[in-house]
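Notes to accompany the following structure.
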Amino acid sequence: MKNSNEDCFNPAFSHIYVERAVKNHPRAKRILSAFQNAQIIEIGHYKDVFCRSRQSYALQHKAQKLILAQKQGNLLYKGAPVCQSFGNRHFYYASCMMNCIYDCEYCYLKGMYPSGNLVVFVNLEDIFSEARRLLAKHPLYLCVSYDADLPALEAVAGYVREWIAFAEKQEALKIEIRTKSATLPRLTAQRFASRVIFAFTLSPQTVIDACEHGTPSLARRIACAADALRQGYCVRLCFDPMLYCADWKKRYTDMLKQVFSRIPAEKLLDISVGTFRVSQDYLKKMRKNQPHSAVIQFPFQNVKGVYQYPEALSLQMEQFLVTKLKEWLPEEKIFLWREDYA
Amino acid sequence: MIYLFTAMHCEARAIIQHYHLKKETAQTRFPIFSNEDAGIRLAVTGVGSIAAAIVTGSVCTQYSVGYGDFLVNPGIAAGKAQTGTLFFCNQIQEAATGRTFYPDLLYRHPFPEAAVITCAKPVQETAHTENPVLYDMEAASIYQAGACFLGPHQMSFLKIVSDDGNPKEVTQEQTADLIARHIDDISGYLDRLQKAAHKTDQKEDFCAADETLLKKLYADMHCSCAMSDAIRQHVRFALLSGRDYTSVIRAMYQEQKLPCKSKREGKNRLEELKRRLL
């Protein structure tokens, strides 16, 4: 768990806001029991805290608060065009948490949300009901860790275990759990393992040091992915977003060598590759919040409302990585975001 | 700068003395005291919501309060807790509207926390509650007026319990004494805010030398606004990436690719400059 060392700031989760409607919810009680010393503040609606005007995302992230709330309205969302479907026709994502304990400078959440605080929706059962409703109509490919990093908060929320338990009972459901963390729960049954995909986002260590604050090292993520494979989980590696820097070829080449020295490539489900891209509205806010972050101050090109590297550079970076990856994996296991977006 | 707002002069007295604040004589509609060196300005708003909102809005406008500034509202409040206890307010309710406001709780402080309810009149009776609840007459208005200029991370509300619903029994001397007893705690918290403000000071993207060079470059390339913006963003990225962008530009001058004779040539050179700056 992140804990700010800067002496001015309160430690992470020193205060927990709880919607009155969920204060007696079993999950809320379980989460609160992990924070005996936290100050609990009852609120009417999470947006009263999360959606205040003029908040400082960056400062709030230094003393992040937890908000326990009830998810209302849309419970599952159709996958966005800038996200990869990996060939799945019915591609949805769930937002059972908002925001992340990690502090990645390029993260789109910094442009999407008005607050740096972390919201956990405790009515997971309603999201499961919605998934069941869709499953009655068609199979479902559901990404459950998009607007947060569920495994990173597993010790507190336990949502990865709950999603795996749910997936076990739904034969037409395939879930993807995307993470930068280096911990995962023990698999209890092998027979449904093919329907739970752990997707590890990997970056060169220099990128992690510069931009992915508070995240586990590359070596730890690789070790965790290798462990997941040993346990029988489906594992996807995500080299997405690829980030530009002057010596990107060397950094990404070194990273691949490190990855495949520990991970048997033939056991991987697949790999995703994509250079950084983000919607124009999000980037505007991200740049305002982090004026001194090189990674988001790159002079991107705006293509149909999505900021991305200049096309020639973007293609060069992606093709370079794909060519390298083909030394270890067949091409059909390598997915490019561009193919989905076209 | 830290802007303090108190309802009454007796609430301000200890703070004025501690920080050696001087009255701003140019201001006559309501008293303002300041010490620029200490980074403190204090306004006495008068009692009640309307007076508090007017003075807060006026001061924030007059001094262009914004980034790097803080608003702090120290004062007395009624409550069931022990008289003389200083509370840090983690939520502010406005009794008249039922609305609740949440100042951010980013910075460490040594105080117990409580909710404060802002009422139109002094309360005659305070409620027994599981968590401490205080009653004042200004906090919600100061928060709302301050929120037009500042974010929730820039506003703090410190309330000292003066009575449990018998406001007439609290004299000005007693009020001044309650604040004076906590002046070290209050100033300790203000020091922390000032340190935090220093840490988050916004560095300028470009120094004066950068600006001079960029201005010359725009002119030498016959730049439109869009071209200037593109160059500026490339240079910003180069600077943040630790690259010496001046050597790239100098090289183009030495290669006689700059200055350009026309806008058309400038556009062609721009593509080369962008490539070389990445």
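Here are a few things to note about the model shown:
- From the list A:Lys62, A:Lys29, A:Lys47, the one residue that fits, being within 18 Å of B:Leu105 (Cα to Cα), without any contact (Cβ under 8 Å) to a residue 24 or more places away in the chain and open to solvent by 30 Å² or more (accessible area, probe 1.4 Å), is A:Lys47.
- Condition check for B:Leu217: away from every other protein chain (no Cβ under 14 Å), at pLDDT below 95, open to solvent by less than 50 Å² (accessible area, probe 1.4 Å) and over 30 Å from B:Arg108 (Cα atoms): no
- Pairs where the first residue, in region A:220-240, is of a type in the set (Gly, Ala, Ser) and the second is open to solvent by less than 10 Å² (accessible area, probe 1.4 Å), C-beta under 7 Å, 6+ apart: A:Ala225/A:Phe200; A:Ala225/A:Val235; A:Ala225/A:Leu237; A:Ala225/A:Ile263; A:Ala226/A:Ile263; A:Ala228/A:Phe198; A:Ala228/A:Val235; A:Gly232/A:Ala193
- Single unsatisfied condition, B:Leu158 versus (1) of a type in the set (A, V, I, L, M); (2) open to solvent by less than 40 Å² (accessible area, probe 1.4 Å); (3) not assigned by TED's automatic domain parsing to the domain that holds B:Arg13: (3)
- If the condition is being touching a strand residue (DSSP E or B) at 6+ places or on another chain (Cβ under 8 Å) and either within 14 Å of another protein chain (Cβ to nearest Cβ) or among the aromatic types (Phe, Trp, Tyr) (or both), then region A:251-262 contributes only A:Tyr252.
- For region A:238-247, the set of residues classified as within 18 Å of A:Lys326 (Cα to Cα) and either hydrophobic (A, V, I, L, M, F, W, C) or in a loop (DSSP other than H, G, I, E, B) (or both) consists of A:Cys238, A:Phe239, A:Met242, listed by residue number.
- Unmet criterion (only one of (1) without any contact (Cβ under 8 Å) to a residue 40 or more places away in the chain; (2) open to solvent by less than 70 Å² (accessible area, probe 1.4 Å); (3) within 11 Å of chain B (Cβ to nearest Cβ); (4) more than 17 Å from A:Tyr108 (Cα to Cα)) for A:Trp248: (1)
- Odd one out for B:Ser58 among (1) closer than 18 Å to A:Ser53 by Cα; (2) outside any loop (DSSP other than H, G, I, E, B): (1)
- Tally of residues being open to solvent by less than 20 Å² (accessible area, probe 1.4 Å) and either over 12 Å from A:Tyr106 (Cβ atoms) or more than 10 Å from chain B (Cβ to nearest Cβ) (or both) across region A:282-304: 3
- The lone exception for A:His213 - which of (1) crowded, with 22+ Cβ neighbours inside 10 Å; (2) closer than 30 Å to A:Val295 by Cβ it fails: (1)
- Among the residues of region A:42-59, those that are over 19 Å from A:Ala157 (Cβ atoms) and not basic (Lys, Arg) comprise A:Glu42, A:Gly44, A:His45, A:Asp48, A:Cys51, A:Ser53, A:Gln55, A:Ser56, A:Tyr57, A:Ala58, A:Leu59.
- Taken over region A:295-327, the criterion of being touching a residue at least 40 places away in the same chain (Cβ under 8 Å), of a type outside the set (A, V, I, L, M, F, W, C) and over 17 Å from A:Val82 (Cβ atoms) is satisfied by A:Lys324 alone.
- Residues in region B:28-50 that are touching a residue at least 12 places away in the same chain (Cβ under 8 Å) and polar (S, T, N, Q): B:Ser34, B:Asn35, B:Thr45, B:Ser49.
- Any hit, region A:108-131, residues being among the aromatic types (Phe, Trp, Tyr) and farther than 30 Å from A:Arg20 by Cβ: yes
- Scanning region B:100-132 for residues that are within 9 Å of another protein chain (Cβ to nearest Cβ), over 23 Å from B:Leu190 (Cα atoms) and at pLDDT 90 or above turns up just one, B:Thr100.
- Number of the exception - A:Cys8 against (1) within 14 Å of chain B (Cβ to nearest Cβ); (2) at pLDDT 95 or above; (3) open to solvent by less than 20 Å² (accessible area, probe 1.4 Å): (2)
- Consider region B:25-51 and keep the residues that are among the charged types (D, E, K, R) and closer than 25 Å to B:Met137 by Cβ. The one that is most open to solvent (accessible area, probe 1.4 Å) is B:Arg29.
- Region B:243-259, residues that are farther than 20 Å from B:Asp210 by Cα and open to solvent by less than 30 Å² (accessible area, probe 1.4 Å): none
- Residue in region A:164-174 that is within 30 Å of A:Tyr282 (Cα to Cα) and assigned to a helix (DSSP H, G or I) present: no
- Within region A:27-40, the set of residues being touching a Lys or Arg at 6+ places or on another chain (Cβ under 9 Å) and facing another protein chain (nearest Cβ under 10 Å) comprises A:Ile40 only.
- The residue list A:Leu142, A:Leu229, A:Leu184 contains one member that is touching a strand residue (DSSP E or B) at 6+ places or on another chain (Cβ under 9 Å) and modelled with pLDDT of 95 or more, which is A:Leu142.
- Of all the numbered requirements in (1) touching a residue at least 24 places away in the same chain (Cβ under 8 Å); (2) surrounded by fewer than 24 Cβ atoms within 10 Å (Cβ to Cβ); (3) out of contact with any Phe, Trp or Tyr (no Cβ under 9 Å at 6 or more places or on another chain), B:Glu130 misses one, and that requirement is (1).
- Region A:69-86, subset among the small types (Gly, Ala, Ser) and over 10 Å from A:Tyr141 (Cα atoms), residue least open to solvent (accessible area, probe 1.4 Å): A:Ala69
- Among the residues of region B:77-92, the one identified as out of contact with any Phe, Trp or Tyr (no Cβ under 7 Å at 6 or more places or on another chain) and either assigned to a strand (DSSP E or B) or within 14 Å of chain A (Cβ to nearest Cβ) (or both) is B:Asn90.
- The one condition from (1) closer than 25 Å to B:Ala230 by Cβ; (2) at pLDDT below 95; (3) not in a loop (DSSP other than H, G, I, E, B) that A:Glu339 does not meet is (1).
The values are calculated or read from the model by the stated rules, or taken from the named source; none is laboratory data. Here the structure is a predicted model, which is why all the values come from computation and not from measurement. All Cβ positions, even for glycine, are placed from backbone atoms using ideal geometry, and neighbour counts span all protein chains on display. Each accessible area value is taken on the protein alone, full model and side chains, heavy atoms only, with ligands, DNA and RNA left out. Shrake-Rupley method; radii C 1.70, N 1.55, O 1.52, S 1.80 Å.
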